[in-house]
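Notes to accompany the following structure.
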Amino acid sequence: MAGAHELMTAARMLGIGRTKAYELARQGEFPCHVIRIGEQYRVSTADLLRRLRATGDDR
């Protein structure tokens with residue numbers, strides 16, 4: 001899917017561990033917009049970039 005990252009890629013960029021990332025995604029509390037496609041979670045690239053800029057994270 002263009003314009004989206006796998007949940008764990010986004011989680012690593014945000015410094016969030018695997019268990020916590022999936023927990024937040026299931027609860028609708030992940031720091032970026034999460035899209036669920038079947039069994040997979042994807043994170044909007046645009047939203048992820050906005051979040052990284054807002055936190056000043058340059059990883």
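Restricting attention to region 26-35, which residues are without any contact (Cβ under 8 Å) to a residue 24 or more places away in the chain and more than 8 Å from the chain's Cα centre (by Cα)?
Once the filter is applied, which keeps residues that are without any contact (Cβ under 8 Å) to a residue 24 or more places away in the chain and more than 8 Å from the chain's Cα centre (by Cα), region 26-35 yields R26, Q27, G28, E29.
Quick one: count up the residues across region 2-41 that are of a type outside the set (D, E, K, R), surrounded by fewer than 11 Cβ atoms within 10 Å (Cβ to Cβ) and either farther than 20 Å from R53 by Cβ or in contact with a Pro (Cβ under 6 Å, 6 or more places away or on another chain) (or both).
Residues meeting the conditions: 6.
Can you find a residue in region 48-58 that is among the small types (G, A, S), out of contact with any Pro (no Cβ under 8 Å at 6 or more places or on another chain) and either surrounded by 17 or more Cβ atoms within 10 Å (Cβ to Cβ) or at pLDDT 95 or above (or both)?
There is no residue in region 48-58 that is among the small types (G, A, S), out of contact with any Pro (no Cβ under 8 Å at 6 or more places or on another chain) and either surrounded by 17 or more Cβ atoms within 10 Å (Cβ to Cβ) or at pLDDT 95 or above (or both).
The values are calculated or read from the model by the stated rules, or taken from the named source; none is laboratory data. For clarity, every value in this text was computed on a predicted model and none was experimentally measured. Please note: Cβ atoms are built from the backbone with ideal geometry, for glycine as well, and neighbour counts cover all protein chains shown.
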